[in-house]
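The structure appears right after this line, and notes come after that.
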Amino acid sequence: MRSVTTDHYFVAEPATPEERRPIAFDLAGRTYRLVAARGVFSADRLDPGTAVLLRKAALPAPGSDSPYLDLGCGYGPIAVVLATQARSTVYAIDVNRRALDLARANARAAGVDDLVVAATPDAVPPETRFAQIWSNPPIRIGKTALHELLDTWLPRLLPDGTAWLVVSRNLGGDTLHHRLMDQGWNVVRHASQKGYRVLRITRSIP
C-alpha cells in the first residue's frame, strides 16, 4: 500500500492531478481493461495483493440472491470481477470519491454498471447483509482504524457468508488472522503467495 504524492489513497478528495491511465489483467479466461488514476490506491498497476486475492480465492458462481461487498474498492478491480462472475449486486465502497468515480466508469466499460453500486460507506443501507465480503484492506489507515473497519463490516455477513481478505505477512497478516480468531471468527489461511496471506473468514459454528 502506498501514499500518492501529498495525498493518501484513503482521503475523500485527492488534490493530486488525476492523470488517468489504463490497467489490464487476465483472470478466469477474460481480459479486464480498467482505468486507474493518481490519488487512488495502486494507480499504475493491479496491486500484487489484489492480484493474489483474485487468483487464489474462490471466485463466486452466479446464483446468489444476496449482494456482495468490495470493502475499500479503489478503482474497482475486485468489484468488476465479482459482478462479472457472480452476476449479482456488488456494493463497492470507498471514502475516496475519485476512486468511486473510476469504479463506476470501469463497471460501465465492463458492462456491469447495472450490478456495481459504488458508494461511500454511509450510503449502504444499514439493513443490508452480504453473501460475501472481499477486501484488500487499507492497512495504512493504522491498526485501530483498520480494526474498527473490519469490526463494522464483517458482522454484516449472512450467517452462511464468507469473507475473503488479503494481507501482507510483513504488514501484520498473521497478527490479524489471530485477532479475528480471538474474536470468534473461523479463519483459514486459504493461500499464501508472494508474501501475502489470503484469509477465508466465516462465522464459527456454535
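Observations
- Within the range 73-90, not a single residue is surrounded by fewer than 24 Cβ atoms within 10 Å (Cβ to Cβ), in contact (Cβ under 8 Å) with a residue 40 or more places away in the chain and basic (Lys, Arg).
- Tallying residues that are surrounded by 12 or more Cβ atoms within 10 Å (Cβ to Cβ), polar (S, T, N, Q) and assigned to a helix (DSSP H, G or I) within the range 141-192 yields 1.
- Evaluating Asp44 against the criteria (1) surrounded by fewer than 18 Cβ atoms within 10 Å (Cβ to Cβ); (2) in contact (Cβ under 8 Å) with a residue 24 or more places away in the chain; (3) assigned to a loop (DSSP other than H, G, I, E, B) leaves one unmet condition, (2).
- Residue count for the range 14-33, restricted to those that are polar (S, T, N, Q) and either modelled with pLDDT under 85 or surrounded by 14 or more Cβ atoms within 10 Å (Cβ to Cβ) (or both): 1
- Answer residue from the range 95-114, given it is modelled with pLDDT of 95 or more and assigned to a loop (DSSP other than H, G, I, E, B) and is nearest to Thr31 (Cα to Cα) among those: Ala110
- Within the range 115-137, the residues that satisfy the criterion of being part of a loop (DSSP other than H, G, I, E, B), buried (at least 17 other Cβ atoms within 10 Å of the Cβ) and touching a helix residue (DSSP H, G or I) at 6+ places or on another chain (Cβ under 7 Å) are Leu115, Asn136, Pro137.
- Annotation note: Cβ proximity below 9 Å between a residue of the range 117-139 that is within 11 Å of Ile93 (Cβ to Cβ) and free of Cβ contacts under 8 Å to residues at least 60 places away in the same chain and a residue that is assigned to a strand (DSSP E or B) and of a type in the set (Gly, Ala, Ser) (sequence gap 6+ or interchain) occurs for Val117/Ala92; Ala118/Ala92; Ala119/Ala92.
The values are calculated or read from the model by the stated rules, or taken from the named source; none is laboratory data. Remember, it's a predicted structure, so these values are computed and weren't measured experimentally. In this analysis, Cβ positions are derived from the backbone assuming ideal geometry, glycine residues included, and neighbour counts consider all displayed protein chains.
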